[in-house]
Each structure stands twice: as structure tokens, then as C-alpha cells.
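Trainee: I am attaching a structure below and will ask some questions about it afterwards.
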Amino acid sequence: MKKTNLFAILALAATPAFLHAQTTSYSDIVGYTTTVVKGTGSSGSSQYFSFVPIQLQKDKVFQGSASASATTVTLSGANLTSGALNSVASYPTHYLLLTSGANAGLASDISSNTTSTVTTVDDLSASINAGASVAIVPHIKVTDVLGVSGSQKIAGGSTASVADNIYLVGADGNLKTFYYKTGVGAGLKTSANADATGLVVYPGESILVGRKVTSDTAGIVQTGLVPTSDVKSVFTQGYSTAASGAPVPLKLSDLTSVAAGASTAATADNVFVIDSANGQLKAFYYKTGVGAGWKTSANANADVNTELSDGFVFLRRSATSTTLGQAKTW
């Protein structure tokens with residue numbers, strides 16, 4: 001499954017979104033989150049950045065047991081419409097989520113399907129244990145969160161240079177800029193003005209929004225299902241955007257066993273959060289050796305209770321991936 005690997009993001013800035021979550025129990029746990037994207041205000045920044053976390057899911061279209069051979073996953077008892085889950089304009093529309101077993105919480109994009117099988121972009125044969133259950137979940141699109149063109153929640157403009165910007169990462173690991181174009185050809189666009197209507201955001205990630213006007217946005221409300229299985233966020237080499245996998249607290253100290261420490265910030269994995277005073281990113285790392293513990297990039301002691309649930313950027317330096325697991329507590 002594609003993960004966000006943020007590139008050259010240190011010049012960006014973001015502010016913690018104000019997250020308020022409430023859940024009501026039905027057959028699944030249904031809830032909502034509300035996020036405010038901060039304006040530049042008196043910060044003096046040309047853009048003030050905020051994280052908009054993706055922590056809820058759409059309704060499942062299938063749930064049951066499965067087996068896998070390479071990238072083909074056979075679904076027990078499924079009766080899907082052939083081709084209904086295919087990618088559209090190179091954007092995936094659904095993903096396969098492992099919901100039981102040792103690998104519960106892992107996911108992979110679906111590229112195509114038959115009535116009883118799906119083809120995933122990853123080989124899951126080693127991950128789907130005998131009798132394991134899976135779910136097929138529709139992707140959340142950026143337009144589901146920030147609105148459709150003409151009624152979007154952030155400021156549009158004739159070019160990316162004047163509109164509020166949306167930052168996500170492509171499969172090549174590079175930071176990509178998107179915006180809502182106004183006027184002729186209006187819609188969600190890449191910085192090169194290609195159509196991005198199908199742009200998706202992955203569970204446990206966070207949209208980075210650069211707000212260029214002084215005022216805050218109204219609350220951006222997301223509704224959906226709270227994940228009912230353990231949540232796993234996999235950090236591969238490079239940068240990733242992330243958030244808590246559900247609307248629950250996540251603190252810097254929770255990454256102690258995930259982030260690789262080192263004697264300096266330049267050699268350790270880094271965690272970037274928002275400086276609310278200026279909307280810029282600030283870095284933390286886990287120092288090893290003398291004076292071990294979480295530090296700022298200036299080697300001052302860091303507050304291990306720094307809140308990460310609404311979004312952070314993780315820099316993984318090693319080629320070996322690392323996984324943040326959040327156990328289901330609801």
C-alpha cells in the first residue's frame with residue numbers, strides 16, 4: 001500500500017488541528033472528528049500549516065475470510081460485481097484491510113476484482129494467515145474531506161501559488177502539491193493543473209494544508225466508522241505523514257520503540273510536529289548514549305507528552321521499515 005513519504009518538507013509549516021471526537025455505538029462504532037485549519041493570523045508566515053487527520057473509515061463492502069496467492073486474494077462467499085473495485089484514472093478506489101491474525105491492521109490497494117477475488121498491489125500471501133479475516137473498504141478521497149470544487153473548505157485560486165495548498169506524497173516519495181482551481185476548468189488539481197478528483201488519503205495518514213489567508217477555516221467535519229481492529233502504520237525509508245489510526249491520544253513517548261535513536265538528530269529518525277507560534281515544523285529525535293531520551297533538534301529535553309494524534313511527519317533513515325501498532329481498545 002502506498003505510504004506517504006514526505007520529501008523536502010522542512011521548509012513547510014503546520015499547526016495542530018483541533019480534534020474533537022465523539023463516538024456512538026451501533027453495530028459498528030460510528031463517530032466524527034472536527035478539524036480547524038489555522039490561518040496565518042499574526043504569525044508572519046506566508047503559509048500556516050495544519051494537519052487534517054484521516055482516522056475514520058467508510059462502510060465496508062465485504063468482510064469475511066480470505067486466502068492469498070501472490071497478489072490474488074480469494075474471498076470466501078463473496079459475490080462482488082466484477083470490475084467494480086478497479087482503479088479509476090490511476091487512482092485506487094478501495095483497499096483490502098486485514099482484520100484478524102498477527103498482521104491485523106495491514107492494508108493494500110486493490111487494482112482490480114472479479115466476483116470472488118481481488119488483485120492487490122502488494123503480495124499478501126505471507127501476511128494473510130489461514131482463516132484470517134479481511135475487509136474491503138472504499139478509499140477516502142481528498143474531496144470527501146475538504147469538499148468538492150465550488151464548496152471546498154479551503155481557499156481556491158486561479159493558480160497553486162495563490163490558493164491554499166494541499167500536500168501529499170506520490171508513489172515516487174516526492175512531495176506533491178494540489179489545490180482547488182477556480183474559474184475555467186475548476187476542480188481539484190495538481191500543481192501542473194492535471195485533474196486530481198480521485199486523489200485518495202490513506203488510513204492513519206494526515207493531509208497537510210497550507211493556509212494562506214489570515215482567517216481560520218470553519219470546522220472540517222468527518223464522519224465514519226472507528227476502526228474495529230488493531231491499526232498499523234508502516235514507515236518506510238524517507239518521510240511519511242501520519243496520525244493516530246483512530247481518534248485516540250498518541251504521544252511522542254509512544255514512538256520510543258518505533259523511532260531509531262542515535263547520538264545526533266542528523267543520524268536518528270526524526271519526528272516533526274507543529275510549532276503553534278509560527279506554523280512551522282519542529283523536529284524531535286531519540287538521543288542514545290549520554291543524556292539519552294527524547295530531544296529537540298537543538299538537543300534540549302523534549303516534552304514526551306507532545307500530542308501527535310492529529311498529525312506528524314516521520315523521517316525514517318534506515319532502509320528497514322518500522323511499524324507503529326495501536327492496539328484496539330474499544
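Trainee: Taking 0.36 nm per intervening residue step and subtracting the Cα-Cα distance, what contour gain separates VAL184 from VAL290 on full extension?
Mentor: Stretched out fully, the VAL184 to VAL290 stretch lengthens by 32.2 nm.
Trainee: Before rounding to the nearest 500, sum -39500 (n - 2.57) across all DSSP H runs of length at least 4 in the chain and divide by the residue total; then give [θ] at 222 nm in deg cm²/dmol.
Mentor: The per-residue figure over the chain is -500 deg cm²/dmol.
Trainee: Can you return the lysines within cross-link range of LYS232? Criterion is Cα-Cα under 27 Å, with same-chain partners fewer than 8 residues away left out.
Mentor: Excluding near neighbours in sequence, the set is LYS2, LYS3, LYS58, LYS60, LYS141, LYS176, LYS251, LYS282, LYS287, LYS295, LYS328.
Trainee: Calculate one ³J(HN,Hα) per residue across segment 296-305 by plugging θ = phi - 60° into the Karplus curve 6.51 cos²θ - 1.76 cosθ + 1.60, and present them in order as whole Hz with x for glycine and proline.
Mentor: Each residue of segment 296-305 in turn: 7, 5, 8, 6, 7, 4, 9, 7, 5, 8 Hz.
Trainee: Here is a further query. What's the center-to-center distance, using Cα atoms, between segment 193-258 and segment 65-136 in Å?
Mentor: Cα centres, segment 193-258 to segment 65-136: 23 Å.
Trainee: Going 7 Å from the Cα of SER65 along its beta-carbon direction, which residues of segment 115-139 have the amide nitrogen within less than 11 Å of the resulting point?
Mentor: 130-133
Trainee: Measure off 7 Å from each Cα along the Cα-to-Cβ vector at ASN193 and ALA89, then give the distance between these two points in nanometres to one decimal.
Mentor: 1.6
Trainee: How far apart, in nanometres, would the label points at VAL148 and ASP254 be if each is projected 7 angstrom from Cα along the Cα-to-Cβ direction?
Mentor: 3.5
Trainee: Please find the FRET efficiency linking ASP123 to ALA319, where r is the Cβ-Cβ separation and R0 is fixed at 22 Å, and quote it to the nearest 0.05.
Mentor: Computed FRET efficiency for ASP123 and ALA319 comes out at 0.70.
Read-outs throughout are calculated quantities, based only on the coordinates presented, and are distinct from any laboratory measurement. Just so it is clear, the structure is predicted and the values come from calculations on it, not from any experiment. Glycine gets a Cβ as well: all are built from the backbone with ideal geometry, and neighbour counts include every protein chain shown.
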